Amino acid sequence: MSSSTNPLANKAQAWSALFAEPMSELVQRYTASVGFDQRLWRADIQGSLAHAEMLEAQGLISAEDGAEIRRGMAAITAEIESGAFEWKLALEDVHLNIEARLTELVGLAGKRLHTGRSRNDQVATDVRLWLRDEIDGLLALLGTLQRVLVDQAERHADTVMPGFTHLQVAQPVSFGHHLLAYVEMFARDAERLADVRKRVNRLPLGAAALAGTPYPLDRERVARTLGMDGLCQNSLDAVSDRDFAIEFTAAAALGMVHISRLSEELVLWMSQNFGFVKLPDRFCTGSSIMPQKKNPDVPELARGKSGRVVGHLMGLITLMKGQPLAYNKDNQEDKEPLFDSVDTWRDTLRIFAEMLAGLQAVPEAMRAAASRGHATATDLADYLVRKGAAFRDAHETVAHAVRTASEQGKELAALTLEQLQAIDTRIEADVFGPLSLEGSLAARKGLGGTAPDQVIAQVRRHRSRLQA
Ligand code: ARG
């Protein structure tokens, strides 16, 4: 087909007969999105095929046109997959590039494809289809990451480490329990994502430019073909709604913040002052000047990357703030932050699952750290309560005991029975159980507590949840 009969092929010169002059090269570059939206090509073709199938079923295009469109799209798919497809900046975006090529390949049938649709409902459909599949991939990765942590938690159900508040030694906790706290966060991330998916997976197609279309479309049919859960019900909203992208990015930002918190702990734990864990060498790098260094680059970078995803959330939400109904070109700016949020979160989850599977705990270092800082002081107060003291009084008594121990350069748990009895006569030989790290852990056996038995119970709960 010659370009003179294909208006899209002339777009570089001018949009249509209406335009008296072509775009400057700078404006073309400024307004084009094909450089980044070409990654939507598969969704674009999928959406077009579903639309064409419905047009045919409704008698709006002939069976021959339908067959030609399918043939052309199959050829285009092969071209794109092989790298032979020529993306043209002059054709602005993924939609016009594919449509122009289709018309080149199959002529009039290609020109009929755009019946009853606009790029406005088309792009919204493409982004939703693409994002839905990415969400499914992310959900699988979040599942893998949780399983890795659950396995580590089981291994370390009775590995004692210091628990911190204000980054000061507070009470001993099980390392497995600590890891399961992150499983809770990642489980919520997955829950949130599954909820966002419901609003992503709705069909805008059929809204056309903004007002709907006079053609008797069967939108329900298109939704079914595309596996969508329902229709966008208002045409103005359908083409201009980007809530789903904002919601997704909010979920991604929070998900990356969880990764960032874990990263901060990994960085601390790997430092010589903690020495709680070792990460496999392939996730660390050396220093160009200090030969002894092994740096936790991956967690550091993940902590850094969380910032850019939070930034994307701010970018997207601000993008929508001043927009009147319905579609505005502003919306083209939704793609790069959304794509980068998906890519960053996906790669991070992948790397973390592998890295955490290879994480090695150093239980001796954790135990040594938990044995400093009078970590079982609360247990002594609880002991005195069991012996009849009021908690506030017991708290005060133990504060004295800690002071005595500190003055002698000792840990509270290392005081002798006589020294303890000098502080409170109710203290007996049975105090050393509660004062020990194991005793402290085992006592916290209520639901959600750090007792190893409870950790194992939680491991089982997570396993059956993650199987379902
Ligand atoms: N590339 C455009 C976007 O990403 C497609 C929709 C263009 N619609 C329009 N009326 N200019 O938003």
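Quick note: the coordinates plus some simple rules give every number you see, no bench work behind them. Not measured: the values here are computed from a predicted model. All Cβ positions, glycine included, derive from the backbone under ideal geometry; neighbour counts span all protein chains shown.
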Exercise for the section: Starting from the Cα coordinates of region 339-453, work out the convex hull volume and express it per residue in Å³. Expected result: 171 Å³
Fill in the blank from the handout: Between LEU203 and residues 5 or more places away or on another chain, the pairs with built amide H atoms under 5 Å apart involve GLY230, LEU231, CYS232
Completion exercise
Charge tally for neighbours of GLN323 with beta carbon under 15 Å away, counting Lys, Arg as +1 and Asp, Glu as -1, is -3
Fill in the blank from the handout: Per the rule of 0.36 nm per residue minus the C-alpha distance, extending ARG282 to PHE36 adds in nm 85.4 nm
Completion exercise
For the chain, longest principal axis from Cα atoms; helix 94-106 axis from its Cα atoms; angle between them, nearest 10 degrees, is 40 degrees
Completion exercise
A correct Stokes-Einstein calculation for region 17-121, using the alpha-carbon Kirkwood radius, 4 °C and 1.567 mPa s, returns a whole-number D in µm² s⁻¹ of 89 µm²/s
Practice task
Please work out the FRET efficiency for the pair GLU418 and VAL385, using the Cβ-Cβ distance as r and a Förster radius of 35 Å; give the result to the nearest 0.05.
Solution key: 0.95
Fill in the blank from the handout: Placing each pseudo-label 7 Å from Cα in the direction of the beta carbon, LYS410 and ARG460 end up separated by a distance in nanometres of 4.2 nm
Completion exercise
Going from the fewest other Cβ atoms within 10 Å to the most, one would list ILE427, ILE259, ILE80 as ILE80, ILE427, ILE259
Practice task
Let me know the whole percent of all Cα-Cα pairs from the chain that are separated by more than 42 Å.
Solution key: 39 percent
Handout entry: Cleavage-rule hits, trypsin sites (Lys or Arg not before Pro), region 276-349, DSSP coil, Cβ neighbours within 10 Å at most 16
Key = LYS293, LYS294
Completion exercise
Set LYS88/LYS321; LYS294/LYS410; LYS305/LYS335; LYS88/LYS335; LYS88/LYS305; LYS88/LYS111, cut-off 30 Å on Cα-Cα distance; pairs above it are LYS88/LYS321; LYS294/LYS410; LYS88/LYS305
Exercise for the section: For a quick protection proxy, order the peptides 384-395, 237-248, 53-64, 129-140 by their average other-Cβ count within 10 Å, most packed first. Expected result: 237-248, 129-140, 53-64, 384-395
Exercise for the section: Order by neighbour count: TYR215, TYR182, fewest other Cβ atoms within 10 Å first, most last. Expected result: TYR215, TYR182
Fill in the blank from the handout: Whole-Hz Karplus couplings 3J(HN,Hα) for region 387-396, θ = phi - 60° and coefficients 6.51, -1.76, 1.60, Gly and Pro as x, run 8, x, 6, 7, 4, 4, 5, 4, 4, 5
Problem - Angle between the chain longest axis and helix 63-82 axis [Cα atoms, degrees, rounded to 10] - result: 50 degrees
Problem - Length released on extending from ASP133 to LEU167, taking residue separation times 0.36 nm less the Cα-Cα span - result: 8.2 nm
Fill in the blank from the handout: Checked against the positive end of the charge dipole of the chain (+1 on Cβ of Lys and Arg, -1 on Cβ of Asp and Glu, about the Cα centre), the farthest of LEU131, PRO204, ALA57 is LEU131
Practice task
Give the long-range amide H neighbours of THR285: residues separated by 5 or more places, or on another chain, with amide H under 5 Å away, using H modelled in the peptide plane at 1.01 Å from N.
Solution key: ASN295, ASP297
Exercise for the section: For the chain, find the longest principal axis of its Cα atoms and tell me its angle to the long axis of helix 175-200, 0 to 90°, nearest 10. Expected result: 20 degrees
Fill in the blank from the handout: Which residues qualify? For VAL173, with a placed amide H closer than 5 Å and at least 5 residues away or on another chain, they are MET161, GLY163
